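Here the structure comes first, spelled out in structure tokens, and everything after it is commentary.
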Amino acid sequence: MTPAAPAGTRLPTARVLTIAGSDSGGGAGIQADLKTMLAHGVHGMTVITGVTAQNSLGVQGIWPLPVEAIRSQFASVVDDIGVDAVKTGMLGTSEAVEAVADLLATLDPSVPVVVDPVCASKHGDPLIDDDAIEALRRRLLPRATVVTPNLGEAALLTGLSASATSADLAAAVLAFGGRWALIKGGHADGDPVDHLSNGTQAYEYRADRAPNVHTHGTGCTLASALACRLALGLAVPEAMARAKEYITGAIGGGFALGGGIGPTDHLWRLRRALNDVEGDAR
């Protein structure tokens, strides 16, 4: 059960929990999730599943945390603070996936869960093992409100080709039991089209492709934005429309950091607002 706010107070915002790995470079993972949550005005909380040594050039090392650490973090947050939505990211090992699936089963079924099936970094470094992929299919996807794979992740999960239609990939992902599948089209040629389906309804979200190579953390950011909007009470299609608007702006504001692929700009709306204020002041 989600605890109520203390008597005489009003919870000012929704509570969103990210269960994911740490990116020492700050562009993806837990760090991107918390920045996204701040930008959406929700209270972000974390269960860290592993630590990476990571920068704009790639991943130099990964250290999974013990399962007991994952369980303890989750209990500390949920038992005291409560949660209005959950987003999962890098889990890494089958033991972590199994533990997270068990923990999510203790939540009220009405709590939305966004599963970002992170399999590799932006640079192609593997972030999950084969046993964990099978555990994802068997244990975690059935609990998902929305599963958000890119084309490569969808192919890995389903066994289909990444060149299969987004509709076919979505249907194959949904066969594992989730309520909605979002097939992200950013890795396809042309302007990106994201395909959302629950098996009976389908939606497409389009955007012009930004001339920007600094896209580190886009998957984490989109999934977190979607979780924030679900926590704030929007239905999945509308939540995705708002999340798409946010990630499009964040990609457009992506900036160089280090010698490789820089991050998206999680605070692009704030920077735009500040620029408008400064412009009015002049």
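Read the figures in this text as sums done on the coordinates, not as results from a lab. Here the structure is a predicted model, which means the values were calculated and not measured. Cβ coordinates were reconstructed from backbone atoms using ideal geometry, including for glycine residues, and neighbour counts include every protein chain displayed.
Its convex hull of Cα atoms gives the range 55-123 a direction-averaged projected area, equal to a quarter of the hull surface, of 5.4 nm².
Per-peptide packing, taken as the mean over residues of other Cβ atoms within 10 Å, places 231-238, 154-161, 257-264 in the sequence 257-264, 154-161, 231-238 from highest down. Computed about the Cα centre, the dipole magnitude for the range 12-121 is approximately 320 debye when only Lys and Arg (+1) and Asp and Glu (-1) carry charge, each at its Cβ. The alpha-carbon positions of the range 1-104 define a convex hull whose volume is 86 Å³ per residue. Determine the shape class of the range 79-187: with a ≥ b ≥ c the square roots of the Cα gyration tensor eigenvalues, call it rounded for a/c under 1.5, and otherwise prolate if a/b is greater than b/c, oblate otherwise. Because a/c hits 1.5 or more and a/b exceeds b/c, the range 79-187 counts as prolate.
Set the Cα radius of gyration of the chain against 2.2 N^0.38 Å, with N its number of residues, and you get 0.96. Extension gain for the segment S110 to W63, taken as residue separation times 0.36 nm less the Cα-Cα distance, is 13.6 nm to one decimal. Applying 1/(1 + (r/R0)^6) with r as the Cβ-Cβ distance of L274 and A241 and R0 = 30 angstrom yields a FRET efficiency of 0.75. Computed about its Cα centre, the charge dipole of the chain is approximately 580 debye, with only Lys, Arg, Asp and Glu carrying charge at their Cβ. Between the listed residues N275, A235, A85, the Cα displaced farthest toward the positive end of the dipole of the chain, a dipole computed from Cβ unit charges relative to the Cα centre, is found at N275. In the chain, taking the dipole from charged Cβ atoms about the Cα centre, the farthest positive-side position among A172, G253, L104 is held by G253. Helices meeting the span-like rule in the chain (full DSSP H runs, Cα extent of at least 18 Å along the helix axis, mean Kyte-Doolittle score of -0.5 or higher): 67-80, 218-231, 236-252. When restricted to Cα atoms, the range 193-246 yields an Rg and a Dmax of 11.9, 35 Å, respectively.
Under the shape rule built on the C-alpha gyration tensor, where the axes satisfy a ≥ b ≥ c, the range 212-282 is oblate, since a/c reaches at least 1.5 while a/b does not exceed b/c. Rounded to the nearest 20, the Cβ-based charge dipole of the range 176-282 about its Cα centre (Lys and Arg +1, Asp and Glu -1) stands at 220 debye.
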